[in-house]
Amino acid sequence: MGCDNIISGEGIWVDAQKIEAVKTWPRPTTPMEIRSFLGLAGYYRRFVEGFSSLSALLTKLTQKRAKFQWNDACEQSFLALKDRLTSASNTAKESLIAEVKERQYDDPELVKLRKRVPQLKKPLLELKRDGVLKYRGRLCVPDVVGLQDRIMLEAHYLVYSIHPRSTKMYSNIKEVYCWNDMKKNIAEFVS
């Protein structure tokens, strides 16, 4: 199983194989197996509503002094976490892309560029029917507080076992997004 996310025009998400791996994850039978599952789940905790309460029973089973007794409540928590984890990436993807599109109107530079698009003879910029501004097919990310950082966070932290270096991260992000000084921002972010 690879450790990269898929970054496309629709956003950042975990590939279908990884989602399938979570769906088919077998019921843990030891504290170590629970730790392994919760380790994977921890990357996505901010997208899973009620993560702490759902994982509390499982977390207790990993404690040294706790007796390992899997019961119906543990099973329900495990199944609920698996269900929410497999749908969490889609929620993150949709909300981030939607925010980028909406916030384009908050960036004065993008507003100026938007007005120039119809006058361009050889347009590298395009204004889609839905009003979204793109540069060479990539979504223009507005320079508004925190949005570019969130894109970098998603690309950097939504992985299973390793974090990409700045060159790989830049390569992935530039396939979908563009903004001024992106390469420099990513290098600073990773360092």
Proximal aspartates and glutamates to Lys64, defined as alpha-carbon separation beneath 18 angstrom and excluding residues fewer than eight positions away on the same chain: Glu33
Pairs to check: Lys112/Lys184; Lys101/Lys121; Lys112/Lys168; Lys115/Lys183; Lys101/Lys174. Give those whose C-alpha atoms are more than 20 Å from each other in this structure. Lys112/Lys184; Lys101/Lys121; Lys112/Lys168; Lys115/Lys183
Provide the per-residue ³J(HN,Hα) series for the range 65-80, in order, calculated from phi with Karplus coefficients 6.51, -1.76, 1.60 and θ = phi - 60°, each as a whole number of Hz, with x at glycine and proline positions. 8, 7, 7, 7, 10, 7, 10, 4, 5, 5, 4, 5, 5, 4, 5, 5
HN-Hα J in Hz across the range 29-37 - Karplus 6.51, -1.76, 1.60, θ = phi - 60°, x for Gly and Pro: 10, 9, x, 5, 5, 5, 4, 4, 5
From the backbone phi of the range 97-104, what are the Karplus-calculated ³J(HN,Hα) couplings (6.51 cos²θ - 1.76 cosθ + 1.60, θ = phi - 60°) in whole Hz, Gly and Pro given as x? 4, 4, 5, 4, 4, 5, 7, 4
Expressed in nm to one decimal, what extension gain is obtained for the pair Ser95 and Glu75 from 0.36 nm per residue of sequence separation less their Cα-Cα distance? 4.2 nm
For the range 109-191, the per residue accessible area (1.4 Å probe, Å²) is 63 Å²
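The values are calculated or read from the model by the stated rules, or taken from the named source; none is laboratory data. Everything numeric in this text was worked out from a predicted model, so none of it was measured. Protein only, heavy atoms only, side chains kept; ligands, DNA and RNA dropped before computing areas. Shrake-Rupley method; radii C 1.70, N 1.55, O 1.52, S 1.80 Å.
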